[in-house]
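A short worksheet on the structure shown next.
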């Protein structure tokens with residue numbers, strides 16, 4: 001990959017498709033369809049306006065925009081300039097949003113009008129933002145040292161030369177949560193975007209005639225790399241909904257004329273829970289790809305007439321394990337590592353364990369661009385997780401004699417809910433701010449829809465009183481909705497390890513067994 005052109009790999013492909021199939025749909029959204037030719041023109045227009053806003057090569061461009069042609073065009077326009085696109089989770093708010101924006105060091109923020117309230121609330125704590133570009137009808141007056149300007153009012157006379165970049169240069173930042181409690185900025189290179197898309201397109205069998213549907217936001221790998229870039233590398237069509245909706249899912253599939261879809265989290269369980277309908281097979285979908293694979297896989301495939309494929313990976317380490325079409329796998333297996341990756345299972349000392357034993361999953365790509373460039377401004381964490389070309393995932397798993405990988409849980413203090421990785425510490429930091437709370441522990445509780453639900457165990461200050469309803473009201477507006485606890489338990493004391501850390505495994509076991517008694521009401 002390092003021998004390829006010094007121009008952006010993604011933009012070079014867009015040039016090709018603009019010439020080869022200008023009238024074919026590249027994007028389908030609720031706004032309508034956008035052809036390869038129209039999208040290329042849109043990117044040039046956006047690049048001119050972004051340049052007019054002062055964006056230059058190497059700058060980070062955070063965007064607060066929902067799934068749309070504008071969001072994807074912003075991404076490609078940033079690549080045209082040589083800037084780094086940083087799509088911000090639109091659920092972020094409060095301290096979480098402030099930390100994400102401050103770590104980028106960006107002076108210009110691009111936001112859709114509907115999200116201005118969140119930005120204005122965070123503005124006094126933003127250290128670097130001096131300009132906010134608003135996609136909408138109105139821009140508020142300057143405040144807090146930042147000027148506001150409508151996107152349509154940006155100067156657009158000069159289209160800059162397309163930036164010269166190498167495949168290893170950073171093209172995108174995606175935010176993910178980790179055990180440190182900080183939303184970490186994952187740096188992804190130009191080579192990663194295209195290389196990972198090519199892998200998923202190959203192993204998940206994305207064809208030029210496919211319409212690949214994704215109902216997840218563009219701040220997720222599934223939408224950016226798997227869907228949009230997956231279409232770009234094959235000349236297919238990407239279809240984006242603004243969010244996942246159980247009641248609207250199959251209607252969207254039919255409206256977009258989708259032939260593939262992406263799933264994650266509990267989406268398949270929600271779909272399976274819907275009453276059976278004569279229209280269950282009235283669609284053109286042939287394949288769904290994603291994770292985790294539910295135990296009812298065969299029943300889902302039979303009911304909806306869809307083949308399901310699973311993989312294993314992460315934004316940081318890339319997707320390294322795939323299930324291939326026309327191959328069979330043992331129950332519970334994620335698939336086998338792609339030849340482009342090496343995979344090991346190691347103990348706490350980094351030594352490879354015996355076949356079949358559980359340990360930490362570590363992966364290493366043959367080409368370094370197929371994994372992240374590291375977390376922005378976190379050298380110590382990078383040194384811990386990226387060693388000699390290996391990415392230490394923090395996930396537990398085992399490999400059988402045939403090379404099949406089985407996921408066995410997480411070493412990290414992460415709760416996985418509906419496709420979101422949630423830092424338990426981030427939840428705890430918010431709840432600890434309540435004056436009645438002395439101590440709190442957040443942990444993942446089993447969900448009937450697969451993955452987990454958020455549970456918290458709370459020890460109150462002596463003499464304090466707090467109800468579950470009051471706590472949830474306190475959480476609203478201070479954390480993303482998907483982080484809000486579904487289970488709240490008040491205890492007189494939290495179980496501890498010998499080193500005085502909260503014994504979360506013990507908490508979780510007691511919760512599952514129904515042995516956590518509420519000490520307060």
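Coordinate-derived values only; no laboratory data. Since the structure is predicted, the reported quantities are computational estimates derived from the model, not experimental observations. A quick note on method: Cβ atoms are made from the backbone with ideal geometry, for glycine too, and the neighbour counts reach across all protein chains shown.
Given the peptides 254-266, 301-313, arrange them by the average over their residues of other C-beta atoms within 10 Å, most packed first. The partial results should precede the final answer.
On the way: 254-266: 22.4, 301-313: 18.8.
Descending mean neighbour count gives 254-266, 301-313.
What shape does the range 15-66 have by the C-alpha gyration tensor, where a ≥ b ≥ c are the square roots of the eigenvalues, rounded means a/c under 1.5, and otherwise prolate means a/b greater than b/c and oblate the rest?
Values: a/c = 2.80, a/b = 1.61, b/c = 1.74.
It is oblate, given that a/c is not under 1.5 and a/b is not larger than b/c.
Before rounding to the nearest 500, sum -39500 (n - 2.57) across all DSSP H runs of length at least 4 in the chain and divide by the residue total; then give [θ] at 222 nm in deg cm²/dmol. The partial results should precede the final answer.
Numbers: 14 runs with 135 residues, N = 521.
The helix contribution divided over the chain gives -7500 deg cm²/dmol.
Rounded to a whole number, what is D in µm²/s for the range 137-289 from Stokes-Einstein with the Kirkwood radius over alpha-carbon pairs (37 °C, 0.692 mPa s)? List each step's numbers first, then the result.
Working: Rh = 18.3 Å.
Translational diffusion coefficient: 179 µm²/s.
Using Cα extents along the principal axes in Å as the read-out, say which of (1) 110, 60, 54; (2) 66, 59, 53; (3) 59, 56, 55 was calculated from these coordinates.
Identified label for the calculated read-out: (2).
Sort all Cα-Cα distances of the range 240-333 into consecutive 10 angstrom bins from zero, then give the percent of pairs in each bin up to the one containing the longest distance.
Taking all Cα pairs of the range 240-333, the binned fractions are 14, 50, 30, 5, 0 percent.
Quick check on packing: order 394-400, 223-229, 275-281, 79-85 by the mean number of other C-beta atoms within 10 Å, highest mean leading.
Working: 394-400: 18.6, 223-229: 27.0, 275-281: 9.7, 79-85: 24.6.
Going by the mean number of other Cβ atoms within 10 Å, highest first, we get 223-229, 79-85, 394-400, 275-281.
For each of 475, 214, count neighbouring Cβ atoms within 10 Å of the residue's Cβ, then give the residues from fewest to most. Show your work: numbers first, answer last.
Values: 475 21, 214 28.
Listing 475, 214 from fewest to most nearby Cβ atoms yields 475, 214.
Taking every pair of alpha-carbon atoms in the range 289-413, what share in percent sits in each 10 Å bin, from 0 to the bin with the longest distance?
12, 43, 31, 12, 2
Fewest to most neighbouring Cβ within 10 Å: what's the order for 472, 218, 271?
Values: 472 13, 218 25, 271 18.
Ascending number of Cβ neighbours within 10 Å: 472, 271, 218.
With the Cα gyration tensor of the range 414-513 giving a ≥ b ≥ c as the square roots of its eigenvalues, does the rule (a/c under 1.5 for rounded; else a/b larger than b/c for prolate; else oblate) give rounded, prolate or oblate? Each step should come with its number before you reach the end.
Numbers: a/c = 1.68, a/b = 1.13, b/c = 1.49.
Oblate is the answer for the range 414-513, as a/c is 1.5 or above yet b/c matches or exceeds a/b.
Once you have a ≥ b ≥ c as the square roots of the Cα gyration tensor eigenvalues for the range 48-159, tell me rounded if a/c is under 1.5, and otherwise prolate or oblate according to whether a/b is larger than b/c. Before the final figure, lay out the partial values.
Details: a/c = 1.44, a/b = 1.31, b/c = 1.10.
Verdict is rounded for the range 48-159.
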